[in-house]
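Read through the structure below, which is laid out as structure tokens, and then see the notes.
Just so it is clear, none of the values below were taken in a lab; they were calculated from the coordinates. Computed from a predicted model, the values in this text were never measured in an experiment. Glycine gets a Cβ as well: all are built from the backbone with ideal geometry, and neighbour counts include every protein chain shown.
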Amino acid sequence: MAQGVLAYVEHRSGELKKAARETLGEGKRCATTLGTSLTAVIAGNNVEGLTAAIHEAGADRILVVSHPSLEEATTDGTGRAVVAAIKEADPALILFAATAEGKDIAPYVASALDAGLATDCVGLTIDGDSFTAKRPVFAGKSLINVKPVDLPLVASLRPNVFPVLSEPQTGSPEVVNLPFDDSHASRLRIKETKAVAADKVELTEASIVVSGGRGLQAPENFGLIEGLADALGAAVGASRAIVDAGWRPHEEQVGQTGKTVSPQVYIACGISGAIQHLAGMSTSQTIIAINKDQEAPIFGIATYGLVGDALEVIPALTAAVKAAKEG
Amino acid sequence: MHQVVCIKRVPDTETKVKIGSDGKSIDLSSVKYDISPYDEIALAAAVELKEKHGGEITLLTLGPGEAQKELRKCLAMGADRAVILKDDNPFRDPASTSTMLASYLSTVTFDLLYFGNKAVDSDGSQVGIRVAQKLDLPVISLATRIEVNDKEVTAHREIEGGEQVVAADLPCVITAQKGLSEPRHASLKGIMAAKKKPLEEIDIEATGEKLEIVSMETPPARTEGRIVGEGVEAVPELVRVLKEELKIL
């Protein structure tokens, strides 16, 4: 009989990702409600050193699969390693972060286990031994509540929605090193990985996002967005209009055909707020809109609005933010 | 080279979503449909490769007979034939969709099998990867560029904070990310030719679902916003909000 909760732990540059700590935090809360324990799975190369951090973030038991061929996460290679680990634990609930990596590995794992997968959940409730997952559909215009027909349930959690544990867990975890079966290695041959600077804030996980749109008028003005983002320690986003126009790369696009973000604060500069854009950011906790058109739809969902030309307002705002931080 | 492109018709993005009287579905009576945008990108990529390497493109849809309309549009964009696996459940769980598609695809020989990385109605991001797992094929997800050389596919793919270049043996599954290709417009000649291209409807046994929709709801309304002011003069008030109300400075 499946029981217990299992969380897949993402890491980068030798550290747990923030989304991983959120997954572990929610996993621990679910395990406590169910009166059971939280098992974490970490896969990678030389990742044994992360067990203390994984324990602090909520795991009671940690399954470690460490092997050179897991150096980079792959859909099938990491997927098979995680499936093998899950068979050790037989959990009722399996959690991933709904990051690019989580959205890649979770479907592979769910398929191998013949299990249902609720993608990009914004809520998870447990009533007795029954789970309900809440997730946005139709570009965020509706939310559906789904229940698994049988267990386990696999769910990926939208970053920045579920809190990390308020206090690091003390004590020491049970750590189990699992072998990696060579036949599980990915069938992709990785030729090259071009990663951006490790200190750059990832868009989907950032607590603050500053996005720019057509109101910036010309590609060279996007530097204003980067300047404000730097001053705030924020990640940079872009509207579809300026990505389609070739001003910015697609990886920065926020919206239905781009990334979904849910930061603490989202600052939309010169973005009108088409439904296609709202789909990618409408669950942000606070939305600040800067737009010269008072009638722009973005003001309809903004928490705070400033009516003005982004080209004039952003430099003044950036200077004032810097001054406030120094003061 | 035989390429198969899986197509889903989805409610148009501008569609107003009205929850049905059962409280767990949407009222589809006034919905306008379109091809899911990532599927359109996948098809355009397949057409580009066909222009270089020859061969045929088959479209595959799990859905109702009405999907003929969207498939004819895809045929006009350069595909050669289409298959509808008939299904009348518009809210089918991705686990079930995947096993049904995989069961049909296990009878087909192909070199490349494409999916959009997600369908923009259910936003599940899972069917392509699940089908690859079921068929035990390599999968390149979030592909932004592909080339085929003999029996190998090389692709660029988007990863968090960067890009990866990978290669795999054919047959291989690709999930399309924006940038892989530009969606095509059908020419008048294409539209005329599409009318004569074969479109087959096949009955398929529905497989069990793994998730049950319990209810559907409208997202909670956001609290009424506040305009802090106009122009540069409002910047000090906005900074005060960032500092005192949002506590991010």
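Key figures
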| quantity | calculated |
| --- | --- |
| For residues of B:87-100, the mean tally of beta carbons on other chains within 10 Å | 2 |
| Taking all pairs of distinct alpha-carbon atoms in region A:64-145, Kirkwood radius in angstrom | 14.1 Å |
| Summed residue charge, Cβ within 15 Å of residue A:283's Cβ, Lys/Arg positive, Asp/Glu negative | +1 |
| Shape metrics for region B:39-120, restricted to C-alpha atoms - Rg then Dmax, Å | 12.9, 38 |
| Using a Förster distance of 35 Å, the FRET efficiency for residue B:206-residue A:13 (Cβ separation, nearest 0.05) | 0.15 |
| Pairs of alpha carbons in region A:203-326 whose separation is greater than 19 Å (percent) | 38 percent |
| Residue B:192/residue A:189 FRET efficiency (R0 41 Å; Cβ-Cβ; nearest 0.05) | 0.40 |
| Point-to-point label distance, residue A:32-residue A:230, nm (Cα→Cβ direction, 7 Å offset) | 4.2 nm |
| For region A:5-184: span of alpha carbons on each principal axis (Å, largest first) | 43, 36, 27 |
| Cα pair count fraction exceeding 29 Å, expressed as % - chain A | 42 percent |
| Peptide B:12-18 - average C-beta neighbours from other chains (10 Å radius) | 4 |
| Fraction of antiparallel bridges per DSSP, region A:5-184 only, in percent to nearest 5 | 30 percent |
| Using alpha-carbon coordinates, inclination of helix A:100-113 to the longest axis of chain A, degrees | 30 degrees |
| Equivalent ellipsoid dimensions for the protein assembly as shown as semi-axes, Å, which come from the Cα gyration tensor, largest first | 35, 31, 23 |
| Neighbourhood charge, 14 Å Cβ-Cβ cut-off, centred on residue B:241 and excluding it, Lys, Arg +1 and Asp, Glu -1 | +1 |
| Shielding by partners, peptide B:241-249 (average Cβ within 10 angstrom, other chains) | 6 |
| Top of A:207, A:239, A:13 by mean-square fluctuation, Gaussian network on chain A, Cα under 10 Å | A:13 |
| Extension gain from residue B:215 to residue B:246, taking 0.36 nm per residue of separation minus the Cα-Cα distance | 7.8 nm |
| Compactness of region A:88-197 - radius of gyration and Dmax, Cα, Å | 16.8, 48 |
| Neighbour-count order for A:266, B:33, fewest beta carbons within 10 angstrom listed first | B:33, A:266 |
| Point-to-point label distance, residue B:30-residue B:185, nm (Cα→Cβ direction, 7 Å offset) | 3.0 nm |
| Rh by Kirkwood over Cα pairs, then Stokes-Einstein D for region B:1-92 at 1.002 mPa s and 20 °C, µm²/s | 151 µm²/s |
| Region A:20-123: translational diffusion in µm²/s, Stokes-Einstein, Kirkwood Rh over Cα pairs, 10 °C, 1.306 mPa s | 114 µm²/s |
| Helical mean residue ellipticity (222 nm; -39500 (n - 2.57) per DSSP H run of 4+; nearest 500) of chain A | -8500 deg cm²/dmol |
| Listed peptides B:124-137, B:157-170 by packing density, highest first (mean Cβ within 10 Å) | B:124-137, B:157-170 |
| Net charge over other residues, Cβ less than 15 angstrom from the Cβ of residue A:242 (K, R count +1; D, E count -1) | 0 |
| Proxy reagent accessibility, fewest Cβ within 10 Å first, across A:29, A:21 | A:29, A:21 |
| For chain B, radius of gyration divided by Kirkwood radius, i.e. Rg to Rh on alpha-carbons | 1.07 |
| Euclidean distance of C-alpha centroids, region A:83-100 and region B:138-159, integer Å | 27 Å |
